[in-house]
1. Determine if the range 128-144 includes at least one residue that is surrounded by 14 or more Cβ atoms within 10 Å (Cβ to Cβ) and touching a strand residue (DSSP E or B) at 6+ places or on another chain (Cβ under 8 Å).
2. Please find, within the range 142-170, the residue that is nearest to residue 62 (Cα to Cα) out of those that are in a helix (DSSP H, G or I) and touching a residue at least 12 places away in the same chain (Cβ under 8 Å).
3. Pick from 8, 25, 63, 33: which is at pLDDT 90 or above, surrounded by fewer than 15 Cβ atoms within 10 Å (Cβ to Cβ) and within 19 Å of the chain's Cα centre (by Cα)?
4. Taking residue 209, is it closer than 21 Å to residue 31 by Cα and modelled with pLDDT of 75 or more?
5. Could you list, in sequence order, the residues of the range 11-22 that are buried (at least 16 other Cβ atoms within 10 Å of the Cβ) and more than 23 Å from residue 120 (Cβ to Cβ)?
6. For the range 88-109, name all the residues that are in a helix (DSSP H, G or I) and touching a residue at least 40 places away in the same chain (Cβ under 8 Å).
């Protein structure tokens, strides 16, 4: 029922930003929902006593809330686009372009006074970030009882704040930056450089792939602790 409704929604609203937003929000909910019952005593005991190893249980969870959810969302988006294409071009006989840019990002560059258009495929970027977020909230659902999403987001903000404090300490000690504004200006220059955002994006994607095994390993040990 969920995927059928989602397909109809994507038939009407097939904008890339909306589809990505639905993918991430529904993925977070699905990831938390899979492990929500573990916090309940009776349901948790039933889950932990399933005749399967913790690695098998965790692998099944990862496949369901990452690969399966991502694939089903992509399938719903594809069917939605197919339906709206048939309605426009076959039934209504209207020559209206249909969006098919879920994994395409169009950028414009000005070179010698001429506008150049570049189309970049971001399939692996979207998949990497989605898998990373799913692993974070899977771990959060195993650690926190009740209000899992809020507690996980709060933990992320705290962790980010700690990293920012470490950066400030490094700026003031190693690089002898007396005023933060003296460090912000070079950062703004780097952000305006067309090569830096691409480098940051690739770093986030590859970083998520590197951190993924670590998050899954911690989730495995947490699941083992619950058994004890």
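The values are calculated or read from the model by the stated rules, or taken from the named source; none is laboratory data. Computed from a predicted model, the values in this text were never measured in an experiment. Every residue, glycine as well, gets a Cβ built from its backbone with ideal geometry; the counts of neighbours run over all protein chains shown.
1. At the first step, the residues of the range 128-144 found to be surrounded by 14 or more Cβ atoms within 10 Å (Cβ to Cβ) are 128-144.
So of that shortlist, the ones also touching a strand residue (DSSP E or B) at 6+ places or on another chain (Cβ under 8 Å) come out as none.
Taking every residue of the range 128-144 in turn, none turns out to be surrounded by 14 or more Cβ atoms within 10 Å (Cβ to Cβ) and touching a strand residue (DSSP E or B) at 6+ places or on another chain (Cβ under 8 Å).
2. Ranking the qualifying residues of the range 142-170, first place goes to 142.
3. Working: 8 fails: within 19 Å of the chain's Cα centre (by Cα); 63 fails: at pLDDT 90 or above; 33 fails: at pLDDT 90 or above.
So the residue among 8, 25, 63, 33 that is at pLDDT 90 or above, surrounded by fewer than 15 Cβ atoms within 10 Å (Cβ to Cβ) and within 19 Å of the chain's Cα centre (by Cα) is 25.
4. Details: closer than 21 Å to residue 31 by Cα: yes; modelled with pLDDT of 75 or more: no.
No.
5. Residue satisfying the conditions is 11 alone.
6. none
So that you can scan it fast, the table gives a plain yes or no per residue for (1) over 15 Å from the mean Cα position of the chain (by Cα); (2) under 22 Å from residue 220 (Cα atoms):
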site: 53; (1), (2): yes, yes
site: 68; (1), (2): no, yes
site: 71; (1), (2): no, no
site: 81; (1), (2): yes, no
site: 87; (1), (2): yes, no
site: 95; (1), (2): yes, no
site: 104; (1), (2): yes, no
site: 123; (1), (2): no, no
